[in-house]
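Below is one structure, written out as structure tokens; the observations come after it.
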Amino acid sequence: ELGGVGRVCDVLQAQSQHSLEKIIGNFGTSFSSILWNSCKDNLYTISLMLISASLSFATELKQEGLRYGWHDGVAMVFVVLLLLVFSSITKFWRERKTLKLAKKKGEAAKFIVKRCEEFQLVDLDLSKYDIVVGDMVCLTPHDEVPADGLLLSGNVLVLVEGMKNEKINCVENPFLIAGPKVIEGHGWMVVTS
């Protein structure tokens, strides 16, 4: 009545012919933006510490004079800066490490993809980060489903997610969600998101 999987494929291919947008990988957040976010997140703490540093600076300056009165206030400001910088460096390194692991994992998994470019079906060997909406992806055992999509053809796929197995059939239940691993069967899927 509504056209089924074939109609969805036609619409997705028509959209991909008009504008094929390549997914750009995430290169992470810059150190300056992490530092800025750290300042925004700890605004009240920083404000209180800087107020106490300025009060300490003023009282010590009055009691000890210009020669020795500035030590405590400057030391407190220095501690605030150290706390901000070291927490930002830790977040920055952690994010870079996570991105490297994700990139390494993404490079390991390659998929056979059919893409309609300039009215021709082109066979490509892509990582899951280069797959776009409208691509047809071949799924075989030991593959991870790279994106949400619909099963077009093939036999019944058995997917494992956590502790349960799920059977996907292109007639009764063609819907695939990104993430589960194919443990049995093979087939072609069209990427919908």
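The values are calculated or read from the model by the stated rules, or taken from the named source; none is laboratory data. What you see is a predicted model, and the numbers here were worked out from it, not measured in a lab. As a convention, Cβ positions derive from the backbone with ideal geometry for all residues, glycine included, and neighbour counts pool all protein chains shown. For accessibility, only protein heavy atoms count, side chains too; no ligands or nucleic acids. Shrake-Rupley method; radii C 1.70, N 1.55, O 1.52, S 1.80 Å.
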Inset, instruction - Pull out the extension gain between Leu124 and Lys103, defined as 0.36 nm times the separation in residues minus the alpha carbon to alpha carbon distance; nm, one decimal. - result: 5.6 nm
Legend entry - Loop chymotrypsin sites (Phe, Trp or Tyr not before Pro), the stretch 112-193, which have at most 11 other Cβ atoms in a 10 Å radius of their Cβ (DSSP): Phe119
Inset, instruction - Would you mind calculating the gained length between Met49 and Trp70 on full extension (0.36 nm times residue separation, minus the Cα-Cα distance), in nm to one decimal? - result: 6.0 nm
Legend entry - Using a Förster distance of 35 Å, the FRET efficiency for Asn165-Glu95 (Cβ separation, nearest 0.05): 0.50
Inset, instruction - Would you tell me the accessible area of Thr90, worked out with a 1.4 angstrom probe on the heavy atoms of the protein chains, in Å² to the nearest 10? - result: 70 Å²
Legend entry - Extension gain, Phe78 back to Lys62 (0.36 nm per residue minus Cα-Cα distance, nm): 3.7 nm
Legend entry - Largest to smallest accessible area among Arg115, Arg96 [probe 1.4 Å]: Arg96, Arg115
